[in-house]
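I have placed the structure first, in the form of structure tokens, so that the comments after it can refer back to it.
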Amino acid sequence: MGTSTANVVEILALLILLQSVSSFCNGDNFNGSCIKTEREALVKFKSSLVDNSNSLPSWVGDDCCRWDGVTCDDITGHVVNLVLSWTSIRGNISLHLGNLSNLQYLDLSLNPSLAIHSLHFPSSLKYLNLTYVLLDKCENWLQSINMLPSLLELQLRYCELSIIGDVSHVNFTSLEVLDLESNNFHSTIPSWLYNITKLQNLVLQDNAFRGSLSTDISNLNSLASLDADFNSLEGNIPNTLNRLCNLIELHLGYNKFSGEISGTFGNSSGCIKNSLETLILLNNSFSGSIPDNLGQFKRLKELSFSENSFWGSIPVSIGQLYNLEILDFSKNSLHGKVSELHLLNLRSLFELSMDGNSLVFDIDPEWIPPFQLSWIHLSSCEVGPFPQWLRTQKSIRFLDMSNASISDNIPDWFENISSNIVSLDLSYNQLFGTLPTFRKLNTTYANEYRIILLKSNQFDGFLTRSQFDATILDISNNLLHGQIPQNISDMMPSLRHLSLSNNYLNGTVPATLCRIESLQILDLSNNQLSGRIPSCWGNLTSLTVIDFSSNMLSGDVPMSLGSQESLVSLHLQNNTLQGKIPMSLRNLESLETLDLSMNSFDGFIPSWIGESLSSLKVLSVHSNKFEGEIPLQLCYLASLRILNLANNVMTGTIPNCFGNFTAIAMHEQKGQWDYYANADPIFGFARASYGNNFVGEIPQELMNLSGLQNLNLSTNKLDGHIPWNIGKLSSLESLDLSENELSGSIPFSISDLNFLSHLNLSFNHLSGRIPTGNQLQTLDDKSIYIGNDGLCGPPLNNCSNDADELPKGHEKGSTTRKDDSEMVWFYGGMGMGFAAGFVGVCSILYFNDSWRCAWFGLVDRVYNKLWVTIAIKANQVKRKFLRNKLEGNA
């Protein structure tokens, strides 16, 4: 035995010696440092980089094996590994490393300023990682890879590849890992991919792949993980997928797959059930029922079917998945009961998401679950009384039971499980009694904060008796009364969002709120708060929303509100505030909403609103005591979408430049308003409203505001005609011009307003036939036109035969706008003025001979010139008439 061992050792030593001699002979004068030709290849690579003198600073000297990122074989001296990830190398290069004939591991990843337009690698390469290297111009990438028969792992994530390419024969059949995440292929999955039979890990995520998943997927019988999330794949999942006996993870979320899944996952003969641990099908269009035998997938740890169209009940067999950690059936059309049998053996479960279904939880109050949940999402399910089984869950971090039909009080034991709760949402239930008390948040994360949402319930009692330790607290729309705690800054020093709106809170606004420097949103609207607004807001640099509307606050607006440079929305409407708008508000350059309506503000609308608040989208100052004219500077507010100046004592005309409101004219719709604490989010374009003593005509320029939805000019002293092209306001839904002094006929173009649902033209001096057609057919209430004695036609009395068919003064380009009585006085005055002037001129000419002679000489010359011009024009007209007559006879 000893002799045999010695012989083996001698043979191994001899082989190593022969390999060393061979390497030496073929290593181009290997001198114990690195191979000369390989060093030259590395130097050439460095020289191709931008700013190569500063790139890779350690790459100096003869021994390239000592350079950073370079690894050589201890025996042969050949470069075997080149790892230059995250080295900030950059340039647009051709990557030719064929001289590194023994290179096995190449990693150039995480160098986003490096672009490669052609590739050439040694055939020895086994690992290649070019993640975050730009390859968008490298059309031959697949051909280059196909020349690497030994390649085991290929990472090409975020390379901006757009051409997937094709090969007639796949040579890299040894490949085990292929990661193509986040490129721009926009094609079907190539057929050559299904021929890499040794593939174990395939990542196709986020590539805009379209088409279906081929039945040839079963060729990849070594596949352990398939990730095709975030594509546009469609059709059914092929049934052949259940033949992948080694598949552990399957990610097909965020695609367009449809149909039922029972053929793939409900087939008891498929071997996939013995290996699968992760099944992600979320955000597709799958339908049908959840397979009854899903409980046979005993290895499942994560199961997500959320955001599909699955219907029916949840199979009880789910309760047998004892390895399951995450169960997510949220946002489907599931119905039926969920009992403790569905959860019976889920001992590993820590996330349960059933929200967005019509499920009814019918669980025995005495049942003790086998799990400890961290995530519970049951929103929109019918939970019934407050679940008693929750008392055993000591690890809850996220609990959402909003809109869950809970009619109960929160039990005392809830405080015992509250210390780990990071997010709680019990909104939109019928919870009553006093508010719950929370223990201090127990967390190991430095930046973690607590969210508590209890809005739209029936909680009563006093805030002063509750402890929250919250960063976001919303208890709006309840029955709370009493005062806001004066020590609120001590109770919640990290508060960012506080909403106590729609309660019965009284007392004053606590000045201690000004100490919470993290505060961003403050909504105390719709309460019974009184007194003055505190004047201490100077330190709250993060504040974006203040809503004190619909209270009984009095006094002036404090100057310190103007120090909130981040403020986006300021709502002070419906109080008893008074005085002038403080000039300090001109510093609120980020302000988008300013609502001061329904107060007792007086003075003029400041011109600096238009000059300084350029981001303003909503300006409402209606129902105050403002006077004077509309400042022309308001026309600078290009983003304005809502303007309301009604019910003041303002005078003057409506500025023509209001037609310059770009956001209205250009249909700039921004979507949902980001301040969601209001009862109704603001959508759409704009609303303009007046009700003052404005005079003059409706500006023609307003007809350029094609995005306008609501135009209210009622209860003023506007005169003239309704603009003939009012039909250009194509988005208009409500039009109120009542109680003015408008005259003439209603323009026919008003029938072009296809979205009009409210119209009021009453109590003016309109006359003629009422237009018909389109949307006007539905507006048949006589009160729309009452108080206009000259109007006729449906829905009023029929018109006589001589009623005007064409509204006078509304022809395109017409400038006829004045009332007839005004015209009579105008022409009468002009006649008397002409007579007086004529007598004066004649008197001068009578007493001054030289002036008289010059005047009559001028009259003679003008007369002769006019006579000749008229005669020529008459002859031209006569000839043209005769020529047309002759042509007609011919």
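The values are calculated or read from the model by the stated rules, or taken from the named source; none is laboratory data. Only a predicted model underlies this, so the values are computations on that prediction, with no experimental measurement involved. All Cβ positions, glycine included, derive from the backbone under ideal geometry; neighbour counts span all protein chains shown. These area figures cover heavy atoms from the full protein model, side chains too; ligands, DNA and RNA do not enter into them. Shrake-Rupley method; radii C 1.70, N 1.55, O 1.52, S 1.80 Å.
Here are some notes:
- The distance linking segment 686-765 with segment 596-645 is 21 Å (Cα centroid to Cα centroid, whole angstrom).
- Diffusion constant of segment 690-776 at 10 °C, which comes from Stokes-Einstein with the Kirkwood Cα-pair radius and 1.306 mPa s, µm²/s: 124
- Euclidean distance between Cα centres, segment 223-250 to segment 332-391, Å: 29
- Viscosity 1.306 mPa s, 10 °C: Kirkwood-radius Stokes-Einstein D of segment 303-457 over Cα pairs, µm²/s: 100
- Three-way shape call for segment 455-512 based on the alpha-carbon gyration tensor, with the a/c threshold at 1.5: oblate
- TRP192 contributes about 10 Å² of solvent-accessible surface, heavy atoms of the protein only, 1.4 Å probe.
- Out-of-range pairs (alpha-carbon distance over 25 Å; input LYS625/LYS717; LYS44/LYS126; LYS126/LYS301): LYS126/LYS301
- Ratio of Rg to Rh over segment 321-380 (Cα coordinates, Kirkwood Rh, two decimals): 0.94
- Couplings for segment 749-760, taken from phi via the Karplus curve 6.51 cos²θ - 1.76 cosθ + 1.60 with θ = phi - 60°, read 5, 5, 6, 7, 7, 6, 9, 5, 10, 9, 9, 9 Hz in order; Gly and Pro are left as x.
- Bins of 10 Å from zero: percent of alpha-carbon pairs in segment 150-266: 14, 48, 33, 5, 0
- Sequence of TRP724, TRP413, TRP67 from largest to smallest accessible area, 1.4 Å probe: TRP724, TRP413, TRP67
- A cut-off under 13 angstrom between Cβ atoms defines the neighbours of LEU276, and their net charge, with Lys, Arg +1 and Asp, Glu -1, is +2.
- Accessible area, probe 1.4 Å, largest first, for residues HIS571, HIS758: HIS758, HIS571
- Protein-only accessible surface at a 1.4 angstrom probe places the residues MET401, MET559 in the order MET559, MET401, largest first.
- Highest average packing first - 776-782, 368-374, Cβ atoms within 10 Å: 368-374, 776-782
- Gain on full stretching of the segment that runs from GLU40 to VAL316 - 0.36 nm per residue minus C-alpha separation: 92.6 nm
- Distance between modelled label sites at THR443 and PHE604, nm, 7 Å Cα→Cβ extension: 5.2
- Inverting the pair-averaged 1/r between distinct Cα atoms of segment 75-200 gives 14.8 Å as its Kirkwood hydrodynamic radius.
- For LEU180, the shell of other residues with beta-carbons less than 12 Å away shows a net charge of -4, using +1 for Lys and Arg and -1 for Asp and Glu.
- The string of couplings for segment 472-484 from the Karplus curve (6.51, -1.76, 1.60, θ = phi - 60°) is 10, 10, 10, 10, 5, 6, 10, 10, 5, 9, x, 9, 6 Hz, one whole number per residue in order, with x for Gly and Pro.
- Alpha carbon centroid spacing (whole Å) that separates segment 177-196 from segment 473-534: 56
- Probe 1.4 Å - accessible area at THR131, Å² to nearest ten: 10
- Percent of Cα-Cα distances greater than 16 Å, calculated over segment 200-316: 57
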